[in-house]
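Here's the structure we're looking at; comments come further down.
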Amino acid sequence: MKVIFLDIDGVLNSNFWNESHQMEISDGTLIEQEKIVLFAELVNKTGAKIVLHSGWRMWFDANLKPLRNESERLMNMLDDVGLSIYDVTPDLTTEEIRRSKKFSLVKADEIILWLKLHEEVTEWIVIDDLDLHNELIGSHLIKTDSRVGLTMEDVEAAMKLLNRG
């Protein structure tokens, strides 16, 4: 099984809008359709499952039902291109990490824990706009530029990584 660990902000949207559109980003309205279409191409060409490792995963219940308008809109946009979220990574954040918003400090550990619990995974990548401070994760990371989000070059690099097995 192939897996894509997906972050949302800086991947399916860009911070080009951040300064003047904080509300739209936080309510999910700035998820960009073109990024969803690009991402769908990657998933369809690799057959990978989507595991959400974004903070957005907190906006779903244990059965992956959306709890907020943002997550419902994300699910609908993915559904429109034939995609669905397979799972989410576990939450290893602490109160201090949530307060300081330094999620990159635990994201790698959350991904590694998820992989340990899913030995059926043969190939995997992480798509994120952050450096996740882990050598193993770094060798599987497609690091997007948060100013532009996911690009065709990112998708091509991701395909190479996922199809190397």
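Ignoring lysines fewer than eight residues from residue 35 along the same chain, the ones with Cα atoms less than 16 angstrom from its Cα are 45, 143.
Ranked highest first by average number of other Cβ atoms within 10 Å, how do 31-41, 86-96 line up? It would help to have the intermediate numbers written out before the result.
On the way: 31-41: 17.1, 86-96: 15.0.
Those peptides, ordered most packed to least, come out 31-41, 86-96.
Please report the net charge: other residues with Cβ closer than 10 Å to the Cβ of residue 3, K and R +1, D and E -1. Write down the numbers at each step before the final one.
Working: positive: 2, 49; negative: 87, 120, 123.
Within the 10 Å Cβ shell, the charges total -1.
Near residue 128, once Lys and Arg are set to +1 and Asp and Glu to -1 for all other residues with Cβ below 9 Å from its Cβ, the sum equals -1. Placing pseudo-labels 7 Å out from each Cα toward the beta carbon at residue 33 and residue 131 gives an inter-label distance of 3.7 nm.
Let me check against my output: what whole-number percent is the relative contact order of the chain, with C-alpha pairs under 8 Å and at least 6 apart? Intermediate values should be presented prior to the final figure.
Details: 263 pairs, mean separation 59.3, N = 165.
Averaging sequence separation for qualifying contacts and normalising by length gives 36 percent for the chain.
Of the trypsin sites (Lys or Arg not before Pro) found in the range 77-126, the ones in coil according to DSSP and having at most 11 other Cβ atoms within 10 Å of their Cβ are 101.
Here the Debye sum runs over all C-alpha atoms of the range 2-162 as equal scatterers in vacuum, and log10 of I(q)/I(0) at q = 0.17 Å⁻¹ comes out as -1.03.
The numbers here are math on the coordinates, done by the rules we state, and not lab data. Note that the coordinates shown come from a computational prediction; the quantities given were computed from them, not determined experimentally. Don't worry about glycine lacking a Cβ; one is built from the backbone with ideal geometry, like all the others, and counts go over all protein chains shown.
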